[in-house]
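Colleague: Here it is, the structure in full.
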Amino acid sequence: MLRKCLFPVAGYGTRFLPATKSMPKEMLPVVNKPLVQYGVEEAIDAGLKQIGFVTGRGKRAIADHFDTSYELEHQISGTPKEKYLTSIRRVLDVGTFSSTRQREMRGLGHAILTGETLVGNEAFGVILSDDLCFNPDRGVMAQMVDLYRQFRCSIVAIEEVPENETDKYGVIAGDIIKDDLYTVTDMVEKPSPDKAPSNLAIIGRYILTPDIFDILRDMPPGKNNEVQITDALLVQAKRGCVMAYKFKGKRFDCGSVPGFVDATNYYYENVYEE
Ligand code: G1P
């Protein structure tokens, strides 16, 4: 049913310079695993095994990471070090990996539209690997797939954020329908606290129905002169239905240095196994 997951990975990673000068920010490791691999594992665990990267210049390391390294296999097969390849081998066994280039940086909405060629006419997931989500029982994307089966409309993951941080996120207003689920009535990209319709912020997990592509095609640039997925989702919400889901688990904002350090400490203490 849902088979594909897009990873917009064309961003510059300016906040991590100089580390990201010649290395994609998505390859920064949280302990021993690159950020993007956590995201890809979450997608695969949710059954989304066809992974599509929307890449940019200087991002070849991502494509190489999701490919066999013959030298490495040759060097460490049959040695005690082989265990270090377990997680990436599993991902490579199960997933398929394609990529397309976003030639101009015109926003997340534009990145997703660029991915249309990898997705076609079916519903799909989107993971922003900067948002590292942890739930040892059921990953956030798997939780959202469960909801999609029921509702068959676009879904965004949300989290309550401090009121002075609404300008970092897309923010929703909605009617609560049960427990942690809302139907979206309004959506604003990065509003200042006085203009925010709530403190329910969108985090980097989406399930999108394919009509989003036609909406994005006609979408003028919005906040920061970029084509915003938030604006396209508001059109969908007004035409039909978009759900917002307060996910279960812990999220780290690995797009910021403090969030990245928090994630590193947490994963070292609670997740990492040598
Ligand atoms: C993007 C989206 C924003 C969302 C955020 C989640 O912003 O535009 O709506 O809340 O991701 O991480 P970015 O962080 O790329 O500026």
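Colleague: At a 1.4 Å probe, what is the % contribution of carbon and sulfur to the accessible area of the chain?
Modeller: 47 percent
Colleague: What whole-number value in cubic angstrom gives the convex hull volume per residue for the C-alpha atoms of region 137-232?
Modeller: Dividing the Cα hull volume of region 137-232 by its residues yields 108 Å³.
Colleague: Report Rg (one decimal) and Dmax (nearest whole number) for the chain, counting Cα atoms only, units Å.
Modeller: 18.3, 60
Colleague: What cysteines in the chain have no other cysteine with a beta carbon less than 4.7 Å from their beta carbon?
Modeller: 5, 133, 254 - these cysteines have no disulfide-compatible partner (Cβ-Cβ under 4.7 Å) in the chain.
Colleague: Treat every Asp and Glu Cβ in the chain as -1 and every Lys and Arg Cβ as +1, leave all other atoms uncharged, and give the resulting dipole magnitude about the Cα centre to the nearest 20 debye.
Modeller: Dipole of the chain, to the nearest 20 debye: 580 debye.
Colleague: Right, here's the next one. Within region 55-90, whose backbone N sits under 19 Å from a point 7 Å along Cα→Cβ of residue 45?
Modeller: 84-90
Colleague: For the chain, the longest stretch holding no chymotrypsin sites (Phe, Trp or Tyr not before Pro) located in a DSSP loop with at most 16 other Cβ atoms within 10 Å is which?
Modeller: With chymotrypsin sites (Phe, Trp or Tyr not before Pro) excluded where exposed in loops, the chain gives 13-271 as its longest stretch.
Colleague: Determine how many Å³ per residue the convex hull of the Cα atoms of region 175-274 encloses.
Modeller: Output value, Cα hull per residue: 159 Å³.
Colleague: Accessible area per residue for region 123-274 in Å², computed with a 1.4 Å probe and the full protein assembly in place, what is it?
Modeller: Value for region 123-274: 46 Å² per residue.
Colleague: Moving on to the next point. Scattering from the C-alpha atoms of region 78-188 alone, worked out with Debye: what is log10 I(q)/I(0) at q = 0.20 1/Å?
Modeller: Result of the Debye calculation: -1.43.
Colleague: Let me ask something additional. For the chain, what does the helix formula give at 222 nm: sum of -39500 (n - 2.57) over DSSP H segments with n ≥ 4, over the residue count, nearest 500 deg cm²/dmol?
Modeller: -9000 deg cm²/dmol
Colleague: Using the structure shown, select from 59/223; 178/238; 59/250; 4/195; 33/168; 168/238 the pairs with a Cα to Cα distance greater than 30 angstrom.
Modeller: Over 30 Å apart, Cα to Cα: 4/195.
The values are calculated or read from the model by the stated rules, or taken from the named source; none is laboratory data. As the structure is a prediction and not an experimental result, all values here were calculated from the model. Using ideal geometry, Cβ is built from the backbone for each residue, glycine included, and neighbour counts are taken over all protein chains shown. Please note that ligands, DNA and RNA were not included when accessible areas were found on the heavy atoms of the full protein model with its side chains. Shrake-Rupley method; radii C 1.70, N 1.55, O 1.52, S 1.80 Å.
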